[in-house]
Structure formats: structure tokens, C-alpha cells
Amino acid sequence: MTCHDAREQFSALIDDALAAAERAELDAHLATCGDCRRELQRFRDTVALVRAAAPVRAPAGFVDRVLEAARPVPWPQRLLRGLFVPWPVKLPMEAAAVVLVAVGVALVYRGSPELQQSARQEPAAPVVTQAPSVAPPEAPAPARENDAPRILYGARGDEKAREQDPPREAEKAKAAPRAQERVEGFAKAPEPGALADKKRAEAPARSAPEPAPTARDAELQKATESQDRQAPVVGKLEAPASRAERQRAAKDDVRPGTTQQTELRADSLKAQRPASAPPSATSAFVPPDVSGQLAVSDRELALRSLAELVSRLGAAQTRRFDTSDGPIIEIAVPRQAYAELNRGLAQLGRWQPSKEPSTLPATIRVVVRITS
Amino acid sequence: MEGRTGDDASLVDRLRRGDPRAFEDLVIAYQHRVFGVALRMLGNRAEAEELAQEVFLRVHRAIGEFRGEAKLSTWLYAIASRLCLNRLASGERRMARYGEETLTRLASREISPAEEVERSELETALHRAITELSDERRIVVVLRDLEGLSYEEIAAALELELGTVRSRLHRARVDLREKLERFLP
């Protein structure tokens, strides 16, 4: 046995892995070879060094992490994991998104009464935009331009103020005569003849000059059409009534929906007539007593029939707007003929009037929106 | 480890019966050994933990396939060794295998990924010497001299002939003897 052959057996010798014959042969060589004995010793020392290496320990928490990873996952969680892997990075983002959406929804929900309110007040915009033509000539132009946002802003602000302190609203109404004049101008614009006289009796404090009704009507129509065409036209006619509505809304803020708008207006009339606000501020403006929608199959036929009905009853068509949604007719009808007008309208088509005020004036102003 | 055979048998029975505590006991019993093999082979603690976890998850899934012909520990070592060698052989490793430069840097840093292993100069040199072995020699040394498996167990775990195990082990020790020369008495 050469030294090389002997040294090839060292590893097995250390591990007692040699066959008896191999072991005997190697022992014989080692007995005669000092170099191989020394080399064997170094070999043993090397293996001892390696075996003495510091033991490795698994990191803390390893068992828990393995168990967690091995735990059967319920299927919803598996689905979520599939959607949102990797967990550690994406879950917080998803959670944050969910929280954000939830907060957003909550805010919108909380804000919705106000949104509804402002939606109802939206028709106030045309009044403001056409203000230059209605406003008194002495009103300076720049002030008028600035009025628009102020009035819009004031509408909401007033509403809140009213909720907190209703009497202050009356003072505010006094404090903003120019805006009020515009509303007055709109309200009284279409009143011709005897009816207008009657109205003047109800509204003695009116002071703004009256431009030609036709011109104003054209402007009103333009402004109306420039507004959201999807909005109910009835609501637009109610624009002047928004003040009263807001008063009403302050009392009962949670009544949503456009179906109650006409009802609101009727109520607001009641609310307004005995209003504590000074006459100069409120009595000049009188909204229609009744308004409603008349659904017909033929608008032209309905218009002709309505004209006949109006003349037959001794009533008068005081205004007409042609909107993209259909014509809107304002009729002044004597109280004794009002029931007949209602019946006549019901015969023309599907007539859905608002709730009537409990006390009808001698001449009732009825706004009919004709749709097909 | 030899003394654990009876424990392993009952552990395997419990695992097969679906005893929920059995798997935890298995991980507790073998975590350091499996992690040790992975760390010695991969040289990186994070990667070693990931691989060790994978070993146990495979055991968890495949316990029904364990025939009981080999010891449970041998089966675990076999899985760990195979995963390590596969990972080392594939290009999937996130960390490159340590070259000389990496090892030098690793050894000179105060806190290394294998800090526990490299606590002393000897440990550092030892770790480096082992790491520098070829994969097939390193796994044999690790299983034999660090984990204490018999030649037969190593042959079973690595699916090698006994002679091959013996030969590789010898070559590995010769390499180590040269590298650790200065630490020998």
C-alpha cells in the first residue's frame, strides 16, 4: 500500500467505515509510515474542527411562521389572497382604499340633504343671470357681476343661518334689497291688466321698474334653456319661490324629491303670506298658487284645447314659456272657475296638480307644464 | 438522532392521523436541523429560512406519501438536500453564490447574514471553507460532519451509492484540511 492509497482511506477510517480487510491493511501501513500517521492526525483534527462548528439554530418565530403557512386557509381568504397577493404589501393599500371609499360615502351621504337642497335651488341661477335686465338701472355693472356668486353662496349660507336663527333671515332679506328686487322683478313681470292690479294690491312695496314682458320672457326662456335641460321645468318656474322654499326647508329639511316641490311651493305660499319678514322684502313676490304637469298625447291639440278652456272659464293665459321639455302655461283663473279648470285639464290629459293651498285667493295663478 | 426513531414512528403515525399537534411537534423537533442544512448550503439566512419553510410545507403536504422505510429524519434531510441542490443548480437564486469577494466582504462585516456562524475567526474560516466546497461535496460534509448522518443515511437521502458518498466525503475533507491548515494544532 502506498502512502497515497493509505491517505485515501483516512476519511473512511475516521468514520469506521472500512471493511475489516481494508482496516488491517491500512493499520499495517500506518505502523511503518510516520508521515501518514501525522497526516492522519491532521485529518482527524480537521474533521474535529468541522464537527465542532457552532450549531445553527433556526430563527425565532420560525415554527410559528411555518405553522401559519401550513394552516389550511378558508376559501374566502384564499380567494382574497389570490386577488391581493402579496399580502404584506397590498393588503394595507386595499384596506386603505376601502376605508377611503367608506369615508367618502359617509361624507356624501351626510352631505346629501344639502345637495338636494342646492339642486332645488339651482333654478335660482337664471334669476341671477338675467338680473342685469331686471335690476334697477342704477345698479352698477361690476356689482351685478359679483352678485351672482354672492347670491348663490348666500342661498346656502342663508339656509344654514335660518336653521340656526330664523329671525336673522328677515334681516338678511332687508340687507339684500338688490337681489330681492330681481326676484320681485321676475315675479311681477308677467302680470298684465286687472290681474296685475290685484297682485299689486298684495304686493304694495314693489318698486322696480317693469321692462317689457316680452323681452323679459325671452331672456327668461334663454336662461332656462341654458340650465340643465333634464331638470324639471316646474322646478325652474319655482325659481322665484326658492326663498320661500328655503324657509320651508329650514323647517323640514329632510323632505327630498321633486314630487314634493310643488307641494312645497303651495306650503311656502302659506308660509310666506303671514311671514314675519317686512312686506318690502317678501310680500311683493307671489309664486303660483298651483302648478302641475299635464301629460298629453298631442301638445298642439292640448294647447288649443287649453286656450279654449281658459277663455270659456273667463280665465287668462298670463305667460307662456316654450322649453325643450314642452310649453309651460301660466293661467290666472277666478276662484269660482278653478274647479272647472281642474276638470277641464283632467279631460285634456293626465293632470297632476300640486296640493292646493287651503285658502285660495280670488284669482288663482295656475302653472301648467304640458308634456307628452 | 438514533434515539429518536421511536419518537419519529409515533410522530409519523400522528401526522398520518391528521393530529393537528403532530406537525407542530415535527417542526419544533427538526427546525434547527433543516434550517442548518439550508444555511450551510445556501449561506444566506433569509434564503435558508425560506427554503426550510418550504421543506416543512412539503412534508405537510406529502406526509401521506412517506412510506416509513427510511427514518423520518432521513426523509426530511433528503427533501432539504434536494431543494438546496436544485436551488443552487438553478438560476432562481436571488442571491448569487458566494464568490471569493463576497465571502471576504461577508467575513469582514460586523454583522453578516450568517452572523451566528461567523462569530469567531475560526468559525468564519470554517464557514468559508465549507461554502467554497463544491455543492455535491458540501452537502455530504454537512450531512455527515455537521448533521451526523451515517453513510447509509446520506446515500439514501441523496440517492447515491455508498462508495460515491465515501469518495465525495473524503475529497471534501481533504479540501477542508488544506483550507483549515493554520487552525490545526
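Read-outs: derived from the displayed coordinates by stated rules, not from any lab. Predicted model only: the values in this text are computed from it and were never measured. A quick note on method: Cβ atoms are made from the backbone with ideal geometry, for glycine too, and the neighbour counts reach across all protein chains shown.
So, counting K/R as plus one and D/E as minus one, what does the shell of residues with Cβ under 9 Å around B:Ile139 add up to?
Numbers: positive: B:Arg40, B:Arg137, B:Arg138, B:Arg168; negative: B:Asp135, B:Glu136.
Result for the local shell: +2.
Taking the C-alpha atoms of the stretch A:304-349, how large are the radius of gyration and the largest Cα-Cα span, Dmax, in Å?
My reading of the Cα-based Rg and Dmax gives 10.6, 33 Å.
Going by C-beta contacts inside 10 Å, put B:Arg40, B:Arg14 in order with the fewest on the left.
With the sparsest Cβ surroundings first, the list reads B:Arg14, B:Arg40.
Fewest to most neighbouring Cβ within 10 Å: what's the order for A:Lys355, B:Lys71?
On the way: A:Lys355 14, B:Lys71 20.
Ordered from fewest to most neighbouring Cβ atoms within 10 Å, A:Lys355, B:Lys71 come out as A:Lys355, B:Lys71.
Of A:Phe321, A:Phe10, B:Phe66, how do they rank once you tally other Cβ atoms within 10 Å and put the fewest first?
Values: A:Phe321 22, A:Phe10 25, B:Phe66 15.
So the ranking, lowest neighbour count to highest, is B:Phe66, A:Phe321, A:Phe10.
If you average 1/r across every pair of different Cα atoms in the stretch B:125-185 and take the reciprocal, what Kirkwood value do you get, in Å? Each step should come with its number before you reach the end.
On the way: mean 1/r = 0.0860 Å⁻¹.
11.6 Å is the Kirkwood radius here.
If you take every DSSP beta bridge fully contained in the stretch A:290-368, what fraction is antiparallel? Give it as a percent rounded to 5.
85 percent
Tell me the volume per residue, in Å³, of the convex hull enclosing the alpha carbons of the stretch A:285-372.
Spread over its residues, the Cα hull of the stretch A:285-372 gives 87 Å³ apiece.
Restricting the calculation to Cα positions, tell me the Rg (one decimal) and the Dmax (whole number) of the stretch A:1-63 in Å.
16.5, 56
Mind checking B:169-175 for the average number of partner chain beta-carbons within 10 Å of each residue's beta-carbon?
What the average comes to for B:169-175 is 5.
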